[in-house]
Amino acid sequence: MVRVFHWATVLLCVLNLFILEEGARNHRYAGYALAGLLALRIVWGFIGSYHARFAQWLPTPTGVITYLMETIKGRHPYYAGQNPLGSLMILLLLTCLVGTAASGIMTEYGPLSGTHRMEEIHEFFAKGLQVAIFVHVLAVIALDRLVRGDLR
């Protein structure tokens, strides 16, 4: 379920960020589909499999610092789920995705629909999402090289 969510999200993000015209009908439909996926993922984060549950991978400050220190020392502890930095990235990506989807919907519906302010908020989250995706891809490549292709 989580991998299906991941790759469906990748597809919809590529479509909406780089291919479909902003504000066009297909852009909105892809955004609605993404909002639906996010809703399912949030529900799955509470009732899903062990490693899919938010409670199992939410990072702690101590966990992040320990992981960073171990990585700096050249040690790469194994995590069956996400490592603490990966968990932080998931939180950032989910925040940007929810912000982008919600603000996109609010540009069309609600008391702030059609306002320049709402469009700016939507653009802010979309740009933040692009930066987060870029960092995510670089981090996955770097970690894969550090652990010699042993990402699971």
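The values are calculated or read from the model by the stated rules, or taken from the named source; none is laboratory data. Computed from a predicted structure; not experimentally measured. Glycine gets a Cβ as well: all are built from the backbone with ideal geometry, and neighbour counts include every protein chain shown.
When the residues of segment 8-34 are filtered to those that are in a loop (DSSP other than H, G, I, E, B) and among the small types (G, A, S), which remaining residue is farthest from E119 (Cα to Cα)? Looking at the filtered set, the residue picked out is A24. Among the candidates G81, G86, the residue that is small (G, A, S), farther than 21 Å from A24 by Cα and buried (at least 16 other Cβ atoms within 10 Å of the Cβ) is uniquely G86. When each of A132, A102 is tested for being of a type in the set (A, V, I, L, M, F, W, C), closer than 17 Å to E22 by Cβ and modelled with pLDDT of 95 or more, the lone residue that passes is A102.
Restricting the first member to segment 35-63 and to residues that are farther than 15 Å from S87 by Cα, and the second to residues that are of a type in the set (S, T, N, Q), the beta-carbon pairs closer than 7 Å and six or more apart or on different chains are L37/T9. Restricting attention to segment 115-129, and to residues there that are under 19 Å from I19 (Cα atoms) and surrounded by 14 or more Cβ atoms within 10 Å (Cβ to Cβ), which single residue is nearest to the chain's Cα centre (by Cα)? Step by step, filter segment 115-129, then rank; the result is L129. When you check Y50 against the structure, is it of a type in the set (S, T, Y) and surrounded by 16 or more Cβ atoms within 10 Å (Cβ to Cβ), yes or no? Considered against the rule, which asks whether it is of a type in the set (S, T, Y) and surrounded by 16 or more Cβ atoms within 10 Å (Cβ to Cβ), Y50 comes out as no.
Within segment 112-131, residues that are under 11 Å from G99 (Cβ atoms) have Cβ atoms under 6 Å from residues that are β-branched (V, I, T) and surrounded by 18 or more Cβ atoms within 10 Å (Cβ to Cβ) in these pairs: H122/T107; F125/T100; A126/T100; L129/T100, counting only partners at least 6 apart in sequence or on another chain.
Let's see how each residue does on (1) of a type outside the set (D, E); (2) part of a loop (DSSP other than H, G, I, E, B); (3) crowded, with 17+ Cβ neighbours inside 10 Å:
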residue	(1), (2), (3)
V64	yes, no, no
S113	yes, yes, no
D144	no, no, no
R148	yes, yes, no
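Taking (1) touching a Leu at 6+ places or on another chain (Cβ under 6 Å); (2) surrounded by 15 or more Cβ atoms within 10 Å (Cβ to Cβ); (3) under 30 Å from E119 (Cβ atoms) in turn, P59 satisfies each apart from (3). I'm checking my understanding of the structure. Among residues of segment 69-78 that are surrounded by 13 or more Cβ atoms within 10 Å (Cβ to Cβ) and not in a loop (DSSP other than H, G, I, E, B), which one is modelled with the lowest pLDDT? Looking at residues that are surrounded by 13 or more Cβ atoms within 10 Å (Cβ to Cβ) and not in a loop (DSSP other than H, G, I, E, B), I get T71. Of all the criteria given as (1) under 19 Å from R53 (Cα atoms); (2) in a helix (DSSP H, G or I); (3) over 14 Å from the mean Cα position of the chain (by Cα), the one not satisfied by V98 is (3).
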